[in-house]
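The values are calculated or read from the model by the stated rules, or taken from the named source; none is laboratory data. What you see is a predicted model, and the numbers here were worked out from it, not measured in a lab. Reconstructed Cβ throughout: ideal geometry from the backbone, glycine too, with neighbour counts over all protein chains shown. We work out accessible area using only protein heavy atoms, side chains counted, and drop any ligands, DNA or RNA first. Shrake-Rupley method; radii C 1.70, N 1.55, O 1.52, S 1.80 Å.
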Amino acid sequence: MILDDIIAAVATARGVAGVAIVRLSGPGSFALARKFFKAHAGGEITPRQMTFGAFVNANGDPVDEGYFVHLPAPKTFTGQEIVELHTHGGLAAPAAVLSLLADAGARMAEPGEFTRRALASGRIDLAQAESLLDVVHARSEAALRAAHARLSGALSGRLRTLRDRLIDAKALIEAQIDFEDAETGDIDPKEISALLRSAGDDLAALVGTYRKGRIYRDGALAVITGRPNVGKSSLCNALVGRRRSIVSETPGTTRDAVEVDAVLDGAPFRLVDTAGLRETAGDIEREGMLIAHEHMAQADMIVFLIDARQGWTNEDRALRAQLPDVPIIITANKSDLLKDGEKAVETPISALTGRGLSDLTQKMVGAALGVQAGSVEEGLLANERHHQEARAARDRVAAALIAFEQNESPAIVALEVHDALRALSEILGDTTPDDVLGRIFSRFCVGK
Ligand SMILES: Nc1nc2c(ncn2[C@@H]2O[C@H](COP(=O)(O)OP(=O)(O)OP(=O)(O)O)[C@@H](O)[C@H]2O)c(=O)[nH]1
Ligand SMILES: [Mg+2]
């Protein structure tokens with residue numbers, strides 16, 4: 001792929017808006033864009049300052065008005081010369097300016113091409129480039145914080161430390177190959193197994209961060225279930241603070257699963273309100289129950305509601321027994337209807353009055369993120385591709401340790417460590433093949 005031609009794209013989202021930004025990157029961007037700009041105050045354009053003026057066509061006729069920003073290489077996002085043209089928003093203004101640039105020879109950028117140049121120039125590694133995607137897709141402040149930690153290199157730093165340790169281990173192991181028959185007296189086998197063991201432990205810990213990282217990024221999938229009419233939809237609405245699901249006193253009201261994003265105590269959730277579960281359902285309701293079970297099979301947690309006045313019924317017990325093996329939070333709803341002195345058998349809440357909801361929320365956050373919810377700075381795995389590679393690295397290191405302790409030939413041990421190193425490099429992007437890079441960057445937007 002060519003990396004030193006001039007690429008251009010509208011970097012802001014399409015649609016009616018106050019401002020749009022057309023971005024160019026590549027040597028010669030300034031000279032090219034300068035031809036189409038007349039500063040109102042006359043004079044020169046100072047790098048890294050906004051200059052107000054008119055965007056003009058080849059005849060000098062104004063096309064739009066806005067700001068010109070010149071960012072000289074190499075301290076830019078792509079590492080190349082960048083120009084940003086701030087036009088009016090909407091569809092016409094940025095398109096008109098972009099077409100002037102295209103006529104003058106700028107090539108329209110492919111999705112993610114700016115970021116790909118940043119990667120090629122060594123400004124960021126692949127794990128950081130992918131975190132940029134997480135930044136622009138973040139749907140909550142928590143997701144944004146976790147993505148920023150990765151972008152600033154928290155995950156990459158962790159991976160590099162691991163890689164250095166494995167490189168040390170590999171060097172020691174290979175020294176044994178070279179000196180197989182001679183003196184290897186100064187290499188202590190204990191040192192090698194200690195290195196492998198600690199790398200293996202750290203990799204296992206890293207793999208273990210994936211659940212949390214994924215939840216920060218996508219939200220924890222919390223499915224609300226229970227018998228018809230226990231107040232699932234009411235609870236869902238109360239948690240998100242608006243009427244999302246239909247509530248009615250008729251049992252069997254909810255059929256389709258209703259999914260809604262919510263941020264509870266700063267943690268991102270995807271709440272799913274489902275059809276009530278019962279034996280005597282009609283066809284449509286039964287279909288709804290199937291959908292409910294599909295969601296539960298993927299859930300990070302299940303909120304199981306019973307009716308506070310009735311306590312555990314036989315039906316409740318039968319349903320409880322069918323739930324998949326994920327954290328289950330059991331609560332007794334409609335506790336406002338309990339008579340004085342009556343006690344709920346489970347943690348009481350009331351979707352109607354809001355009683356107990358903050359305790360429930362706390363439990364849900366605990367089930368999603370564990371007690372130390374605030375440790376995103378350590379760099380969490382959040383991406384399925386990274387997760388797979390980290391798992392592969394962990395397994396290869398474990399295999400290396402076993403081979404080493406069983407006195408296999410050093411060449412075999414070294415090969416396992418080599419494969420582990422390759423997996424880590426795939427996350428960082430040092431050795432990632434072009435087609436994989438192509439797939440990754442195709443998920444970016446144009447102009448990023
Ligand atoms: N008093 C009281 N009534 C409630 C409470 N929560 C729900 N209700 C009422 O219980 C009835 C059923 O509520 P829904 O939220 O529709 O129950 P559901 O579990 O979603 O029912 P299905 O969708 O049919 O399975 C409605 O009339 C609600 O107003 C509560 O905490 N207290
Ligand atoms: Mg409902």
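So the values come out like this:
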read-out: Those residues of region 212-255 which are within 9 Å of ligand 2 (Cβ to nearest atom) and polar (S, T, N, Q), in sequence order; value: Asn229, Ser233, Ser234, Ser245, Ser248, Thr253, Thr254
read-out: Qualifying residue in region 210-227 (condition: buried (at least 18 other Cβ atoms within 10 Å of the Cβ), within 13 Å of ligand 1 (Cβ to nearest atom), over 24 Å from the mean Cα position of the chain (by Cα) and in a loop (DSSP other than H, G, I, E, B)); value: yes
read-out: Among residues of region 328-364, those that are open to solvent by 60 Å² or more (accessible area, probe 1.4 Å), of a type in the set (Gly, Ala, Ser) and not in a loop (DSSP other than H, G, I, E, B), counted; value: 1
read-out: One residue from Ala154, Ala204, Ala171 being hydrophobic (A, V, I, L, M, F, W, C), in contact with a Lys or Arg (Cβ under 7 Å, 6 or more places away or on another chain) and either away from ligand 2 (no atom under 13 Å from the Cβ) or open to solvent by 40 Å² or more (accessible area, probe 1.4 Å) (or both); value: Ala204
read-out: Qualifying positions in region 248-280 - buried (at least 21 other Cβ atoms within 10 Å of the Cβ) and either of a type in the set (D, E, K, R) or part of a loop (DSSP other than H, G, I, E, B) (or both); value: Thr254, Asp273, Thr274, Ala275, Gly276, Leu277
read-out: Any pair with Cβ under 8 angstrom, 6 or more apart, that starts in region 319-338 at a residue that is in contact (Cβ under 8 Å) with a residue 40 or more places away in the chain and ends at one that is surrounded by fewer than 16 Cβ atoms within 10 Å (Cβ to Cβ); value: Lys334/Arg309
read-out: Residues located in region 427-443, provided they are without any contact (Cβ under 8 Å) to a residue 40 or more places away in the chain and of a type in the set (Gly, Ala, Ser); value: Gly438
read-out: Selection status of Thr347, within 34 Å of the chain's Cα centre (by Cα) and of a type in the set (S, T, N, Q); value: yes
read-out: Given (1) modelled with pLDDT under 95; (2) open to solvent by 70 Å² or more (accessible area, probe 1.4 Å), index of the condition His418 fails; value: (1)
read-out: Which listed residue, of Ala13, Ala9, is closer than 19 Å to Glu110 by Cβ and open to solvent by 60 Å² or more (accessible area, probe 1.4 Å); value: Ala13
read-out: Some residue of region 281-294 being in a loop (DSSP other than H, G, I, E, B) and more than 13 Å from ligand 1 (Cβ to nearest atom); value: no
read-out: Some residue of region 297-304 being outside any loop (DSSP other than H, G, I, E, B), away from ligand 1 (no atom under 13 Å from the Cβ) and open to solvent by less than 10 Å² (accessible area, probe 1.4 Å); value: yes
read-out: Residues of region 52-80 classified as open to solvent by 80 Å² or more (accessible area, probe 1.4 Å) and assigned to a loop (DSSP other than H, G, I, E, B), total; value: 4
read-out: Matching residues, region 397-411, being in a helix (DSSP H, G or I) and open to solvent by 80 Å² or more (accessible area, probe 1.4 Å); value: Ile402, Glu405
